[in-house]
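The values are calculated or read from the model by the stated rules, or taken from the named source; none is laboratory data. All of these numbers come straight from a predicted model, not from anything done at the bench. Methodologically, a virtual Cβ is constructed for each residue, glycine included, from the backbone with ideal geometry; neighbour enumeration extends over all protein chains shown. Surface areas here come from the heavy atoms of the whole protein model, side chains and all, with no ligands, DNA or RNA. Shrake-Rupley method; radii C 1.70, N 1.55, O 1.52, S 1.80 Å.
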Amino acid sequence: MPSIKELAKRPELLTSGHRLCAGCGASIAVRMALHSSDKPVIVSCATGCLEVATTIYPYTAWNCSFIHNAFENSAATMSGVETAYRALKKKGKLSADINFIAFGGDGGTYDIGLQSLSGMLERGHNVLYICYDNEAYMNTGIQRSGATPRGASTTTAPAGDVSYGKPQFQKDLTAIAVAHHIPYAAQASVGYWADLTSKVEKAFATPGPKFINVLAPCPRGWRHDSDQTVEIAKLAVDTCFWPLYEVVDGAYRVTYKPKEIPPVAEWFKLQGRFKHLFKPANQHIIEEIQSKINERWSALLAASGEAQPSKS
Amino acid sequence: MEDAKVNNKTGQTTLVALTGNEAVATAMRQINPDVVAAYPITPQTSLMQKFADFAAAGLVDTEIILVESEHSAMSACVGSAAAGVRTMTATSANGLALMWEIVYIAASSRLPIVMPVVNRALSGPINIHCDHSDTMGCRDSSWIQIYSENSQEAYDNTIQAIRIAEHANVLLPVMVTLDGFIISHSIESVHVYEDAKVKEFIGEYKPHNPLLDLNNPVTFGPLDLYDYYFEHKRQQSEAMKNSKRVIEDIGRLFGQTFGTVYDLIETYRLEDADECIVVLGSTAGTAKEVVDALRGQGRKVGLLKIRVFRPFPETEIIDALRGVKVVGVLDRSEGFSAVGGPVYQEIRAALCARHDISIVNYIYGLGGRDIGIADITKVFDELSAIRKAEKPITSRVDYVGVRE
C-alpha cells in the first residue's frame, strides 16, 4: 500500500476550486478513492452535493471523464459505461485498463437509487460503487434519509416538544450489498485514511461488482465545526456506531478494533443534530441507541469469528 | 434469421414473413449496436426476445444489459452512449413512462440513442393494447418521433433512425413507433435487405466527446444554471429544426439504396381532394382502403399520413392540405386538454391562417379499440356533410367507436 506521501503525489482528479463546503466529508472520501487508483478512472455520480458543487457549467473540477445522469441512477449509468467499454474492448477498439467508480450520497444510494444499485450488483458489472454517507439529504437542506440515525434532528424530522428527531434506526445498507454475494463489500470512514484507501485498492484489484460505504460527516447537517470532520469520523468508528469491516467473498473481517469503546453519547455530544437527546426526557433514546450499537457490534464480531472483547 | 442468411447469399432483397417486432429485431441485428439495455414489457417483449435469440446465436456481437427496470434501461443507455458506442433499447407504454426522466436527459445530453417504441395504452386502467398515449406523452421531450404504418416501415424506419440520430447536425435520440399488436404481432411480408448493404448504409459510428477517450476527459451532465441552460436549450431546438432536412435527405438516400423513398409526410390521393383524413400509424393502411373505395364512388377524398411527428412538418402539411376544404384529424390518444387530441391541436395551429377550411377531431382506438372500414367511412361521410353544410359543427372533437 502506498504511503500518504506517495498518495499525495498522484495526480489530483478532483481538483481544487470546487464549491463543496470547508470540512465536507464527501470530498475527502472522493479524493482518497481516486488517489487509490493506479489506473485511469471514469466516474459517475448521483445528483447531490458532490455533483452540483463540482460541475457548475462551464466549469468542472474533474480531471477524469465524469458523468452525472440523475439522482437514482449512478449505478445504472455506470453499468452502461462499463458495458460500452467491454463492447469496445471485445472488438479490439480499446486496450486500456480502466477503473469504473460510481458515487452516490446516502439519498441516492440507500433510498432512491437502491434498485439501480441492486441491479448493478446482481448483474456483476466490474464497477466499484462508493456511497458517501452523510446520513441525510444534505444537498436539498438536511432532510432525513434511510441513512439518518435514530434520534438525529433533520429538517423533515426535526426535534421538538413532542419529537426527538428521527424515530427509526438507519437501514444497514452494507449488509444489503453483502446479501448480493458480491466479491467485495466494505464499510470505511474518512477518519481512517489508511483503512479507506487500502479498501479501495483492494476493491479495484477485485474483478466484478464492489461496494464501499464511507461515512462522510457533513458539518452543516451534523452541526459541527468544519475542522472537526476527521475527529468526528474517527469517533463514529471508535464508539462502534460505524464499525470498519470488509466482506471478501462472504467472509467478514473487522478491519479496525478500537482499544477503548467510548459510549455513543461522546460522539453525539460533538454534533448539534443530537443536542436535544441530552434533555432528561430523551435520555432513554440514547440508551436504546447504545444498546442497539452494542448488539450490532457483537453480531459483527460473531460474523467475523471473533469473541466479544471484555467491556472497557 | 434463416431467411436473412439466404438473403446474404443471393445479395438480393428478400421477401420474408415477419411480425413487426421480428422486423424491427431484424433491423437491430443488421445494425448490430454495441450495447442494448432493455427490460421486457408487453407488447415489446417479443422484439427483445428475438434480438436475444440473434445474440445467443452469435449473429450480433452486441453487449446486452438485462436491467431491472426501464428507468435503468434508459439510464444505462445514457451511460453507454456517453461512453461513445452505438446504443439501442426498446419499450412500450408504462416502460416509457418509467423512463420519462431519463428520456429528457438522453435528448438534452445529445445522445443518439435509437428506441423502437411498440405503442400501447398508458395505464390506468392497465391495458396492453395499442394507442398512442405513451409516445404522445413525450412529444415535447426532444426525441425525434417516426411513426410506422406497417412492419416494412418499422423495419425501414429503424435503419434510417440510426443515421438520423447520429448525423452531426442532429445528435438527438430517435423513437421509431409501431402500433402494439396491430403491427408488432401481425405477420406481414417484409422486404429484408442485404446485411452488408444495411451496414454500409448506416456506416461506422463516430462518437462525439466520448467518456472513453481517456486523453480528452469530459464532464457529462453538469449543473447548468440560468447563465447557460437557456443557450443549451436553444441549441437543442436548433438541432430539432436541422433534423427535418436530415430526415428528408436520409429518406431520399434510403430510396436510392433500397427502393422506397421516405418523406416527413405521405399523401394519398390528396391532389384534388375536398375532404381529408390526417392519421398516424397503422390506421393509415385501413384509411387508404376507404379512400380507394370512396374514390371509386367518385368522391374526392384523400389521406395525409404524418410519418414524422417530431419535428412537426408544418410547412409540408400546410402545402399538402392547400386545396382541402374539410380535415378530419384522427387522434389515437386523448390529450385531456378538453379541446381535442394532440395531433388535432398541432394541425389546427399549422392551419391557423386558413379561414376557408374546417378542421375536426376524432379520437379513436383507445386501449386497442378496433377501428374499421365502416368507422372511417363514417368519418368521411361526416366530413362531406360538413363541407356541404348539411351538418353544422356542433362539436369539433368527437369520438369514434366509443359507447356513450
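Per-residue shielding of A:39-46, expressed as the average number of other chain Cβ atoms within 10 Å of the residue Cβ, stands at 3.
Taking Cα centre as origin and charging only the Cβ of basic (Lys, Arg, +1) and acidic (Asp, Glu, -1) residues, the dipole magnitude of region A:11-303 rounds to 440 debye. Note on B:Lys288: lysines with a C-alpha under 22 Å away, same-chain residues under 8 apart excluded, are B:Lys300, B:Lys305, B:Lys325, B:Lys378. When the surface is traced with a 1.4 Å probe over the full set of protein chains, A:Ser36 keeps roughly 10 Å² accessible. In chain B, the sites counted are chymotrypsin sites (Phe, Trp or Tyr not before Pro) in DSSP loop states with at most 10 other Cβ atoms within 10 Å, and the longest stretch holding none of them, exclusive of the sites, is B:1-225. In a DSSP loop and with at most 15 other Cβ atoms within 10 Å, the trypsin sites (Lys or Arg not before Pro) in region A:254-312 are A:Lys259, A:Lys311. Summarising the amide proton neighbourhood of B:Lys300: residues at separation of 5 or more, or on other chains, whose placed amide H is nearer than 5 Å comprise B:Asp274. Note on A:Ala281 and B:Gln236: their simple-model spin labels are 5.0 nm apart, each label 7 Å out from Cα toward Cβ.
For region B:265-400, the antiparallel share of DSSP beta bridges with both residues in that region comes to about 15%. Assign one of three labels to region A:4-106, namely rounded, prolate or oblate, based on the Cα gyration tensor with a ≥ b ≥ c the square roots of its eigenvalues; rounded applies when a/c is under 1.5, prolate when it is not and a/b is larger than b/c, and oblate otherwise. Judged from the Cα gyration tensor, region A:4-106 comes out oblate (a/c at least 1.5, b/c at or above a/b). Need one word for chain B: rounded, prolate or oblate. Basis is the Cα gyration tensor (sqrt eigenvalues a ≥ b ≥ c); a/c below 1.5 gives rounded, then a/b vs b/c decides. It is prolate, given that a/c is not under 1.5 and a/b is the larger ratio. Kirkwood Rh over alpha-carbon pairs of the protein assembly as shown, then Stokes-Einstein at 10 °C and 1.306 mPa s: what D in µm² s⁻¹, rounded to an integer? D = 57 µm²/s.
Please determine, in degrees from 0 to 90 and to the nearest 10, the orientation of helix B:45-56 with respect to the longest principal axis defined by the Cα atoms of chain B, where the helix direction is its Cα long axis. For helix B:45-56, the angle is close to 30 degrees.
Charging the Cβ of each Asp and Glu at -1 and of each Lys and Arg at +1, and nothing else, the dipole of the protein assembly as shown about its Cα centre rounds to 1040 debye. The charge dipole of region A:30-177, taken about its Cα centre with unit charges on the Cβ atoms of Lys, Arg (+1), Asp and Glu (-1) only, comes to about 560 debye. From the square roots a ≥ b ≥ c of the eigenvalues of the alpha-carbon gyration tensor of chain A, which class results: rounded (a/c under 1.5), prolate (a/b over b/c), or oblate? Taking the square roots of the gyration eigenvalues as a ≥ b ≥ c, chain A is prolate. Selection among B:Ala27, B:Leu253, B:Ile202 by position relative to the dipole of the protein assembly as shown gives B:Ile202 as farthest towards the positive end (Cβ unit charges, Cα centre). Legend: calculated FRET efficiency, A:Ala303 to B:Arg403, from the Cβ-Cβ distance at R0 = 51 Å, rounded to 0.05, equals 0.20. Between B:Arg396 and A:Lys91, the simple spin-label model (points 7 angstrom out along Cα→Cβ) gives 5.0 nm. Only helical runs count toward this figure. For chain B, summing -39,500 (n - 2.57) over DSSP H runs of n ≥ 4 and dividing by all residues gives -13000 deg cm²/dmol at 222 nm. Taken residue by residue and averaged, Cβ atoms of other chains lying within 10 Å of the Cβ of A:104-116 number 1.
Backbone phi angles across region B:165-182, fed through the Karplus curve with coefficients 6.51, -1.76 and 1.60 (θ = phi - 60°), yield HN-Hα couplings of 4, 8, 4, 4, 7, 10, 6, 10, x, 10, 9, 10, 9, 9, 5, x, 6, 4 Hz in residue order; Gly and Pro are listed as x.
Converting phi to 3J(HN,Hα) with the Karplus coefficients 6.51, -1.76 and 1.60 and the offset θ = phi - 60°, region B:84-92 yields x, 10, 5, 10, 9, 8, 7, 7, 8 Hz in sequence order, with x at every glycine or proline.
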